[in-house]
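Worksheet: the structure to be examined is printed underneath.
The values are calculated or read from the model by the stated rules, or taken from the named source; none is laboratory data. Here the structure is a predicted model, which means the values were calculated and not measured. All Cβ positions, glycine included, derive from the backbone under ideal geometry; neighbour counts span all protein chains shown.
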Amino acid sequence: MKLDKIEYKVEIPEKVTVDVKDGLFTVKGAKGEVKRKFIFPKIRIEKKDNAIYFLALKPTKREKAAIYTTEAHLKNMFKGVLEGSIYKLKICSGHFPMKVSLKGNVIEVKNFMGETVPRTLKIKPCVDVKIQEPEITVTSPDKELSGQTAAAIEQICRRANFDRRIFQDGIYITLKDGIEVK
């Protein structure tokens with residue numbers, strides 16, 4: 001049997017301000033600001049008092065999933081502006097002494113597997129990268145931006161057609177937003 005309507009409520013934590021305008025959520029907190037757009041034609045989103053309300057009349061599975069997915073994204077945004085999102089990477093160089101440096105908003109990897117041309121990656125704005133050999137720390141209030149940046153740094157040193165059991169040189173993610181990677 002199909003439900004007549006779903007009313008769902010997401011509490012806004014203290015020290016966080018949320019603005020909702022035409023599906024654009026702007027969440028501000030101590031660590032920064034995160035913006036994200038959610039547009040669902042059959043779901044009404046309103047901010048009242050200290051909560052965000054979702055209302056869907058005669059919801060289908062897709063609309064229920066959209067509500068719960070939006071809730072998860074909002075909670076990640078709240079956590080990001082309050083605590084920040086941290087990813088850690090480890091620099092491993094066994095065969096060749098690899099040098100990783102940060103010049104402005106560009107990461108440069110020199111002498112990877114004996115290459116003469118350095119590999120570079122431009123860092124997106126709103127992401128802070130710190131390099132302390134042998135560790136790289138990526139922080140941002142936006143969980144998606146910090147995760148994408150960490151993955152891009154890891155992909156800089158990817159080599160095809162090499163046995164990873166023997167050639168372990170590279171940069172690898174060791175901590176994903178508070179979760180140890182094995």
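Do we have residue 34 as without any contact (Cβ under 8 Å) to a residue 40 or more places away in the chain and farther than 17 Å from residue 173 by Cβ here? No.
Conditions (1) surrounded by fewer than 16 Cβ atoms within 10 Å (Cβ to Cβ); (2) at pLDDT 90 or above; (3) on the phi < 0 side of the Ramachandran plot; (4) not in a strand (DSSP E or B), marked per residue:
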{"residue": "3", "(1), (2), (3), (4)": "yes, no, yes, yes"}
{"residue": "13", "(1), (2), (3), (4)": "yes, yes, yes, yes"}
{"residue": "25", "(1), (2), (3), (4)": "no, yes, yes, no"}
{"residue": "35", "(1), (2), (3), (4)": "yes, yes, yes, no"}
{"residue": "40", "(1), (2), (3), (4)": "no, no, yes, yes"}
{"residue": "52", "(1), (2), (3), (4)": "no, yes, yes, no"}
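Quick check: is even one residue across region 109-119 in a strand (DSSP E or B) and within 19 Å of the chain's Cα centre (by Cα)? Within region 109-119 (the criterion being in a strand (DSSP E or B) and within 19 Å of the chain's Cα centre (by Cα)), the answer is no, since none of the residues qualifies. Does residue 120 fit the bill of being of a type in the set (S, T, N, Q) and within 26 Å of residue 172 (Cα to Cα)? Spelling it out, residue 120 is indeed of a type in the set (S, T, N, Q) and within 26 Å of residue 172 (Cα to Cα).
Among the residues of region 125-182, which ones are within 14 Å of residue 98 (Cβ to Cβ) and within 21 Å of the chain's Cα centre (by Cα)? Walk me through it before giving the result.
Step one: list which residues in region 125-182 are within 14 Å of residue 98 (Cβ to Cβ), which gives 131, 133-136, 153-154, 156-159, 167-172.
Scanning region 125-182 gives 131, 135, 136, 153, 154, 156, 157, 158, 171, 172.
Could you pull out the residue among 137, 149, 120 that is touching an Asp or Glu at 6+ places or on another chain (Cβ under 6 Å) and either surrounded by 12 or more Cβ atoms within 10 Å (Cβ to Cβ) or not assigned by TED's automatic domain parsing to the domain that holds residue 93 (or both)?
Numbers: 137 fails: touching an Asp or Glu at 6+ places or on another chain (Cβ under 6 Å); 149 fails: touching an Asp or Glu at 6+ places or on another chain (Cβ under 6 Å).
Of the residues listed, the single one that is touching an Asp or Glu at 6+ places or on another chain (Cβ under 6 Å) and either surrounded by 12 or more Cβ atoms within 10 Å (Cβ to Cβ) or not assigned by TED's automatic domain parsing to the domain that holds residue 93 (or both) is 120.
Restricting to region 47-68, give me the number of residues that are among the charged types (D, E, K, R) and under 27 Å from residue 140 (Cα atoms).
First pass over region 47-68, keeping only residues among the charged types (D, E, K, R): 47-49, 58, 61-64.
Checking the rest, the ones that are also under 27 Å from residue 140 (Cα atoms) come to 47.
Number satisfying all stated conditions: 1.
Residue 102 passes every criterion in (1) in contact with a Phe, Trp or Tyr (Cβ under 8 Å, 6 or more places away or on another chain); (2) surrounded by fewer than 16 Cβ atoms within 10 Å (Cβ to Cβ) apart from (1).
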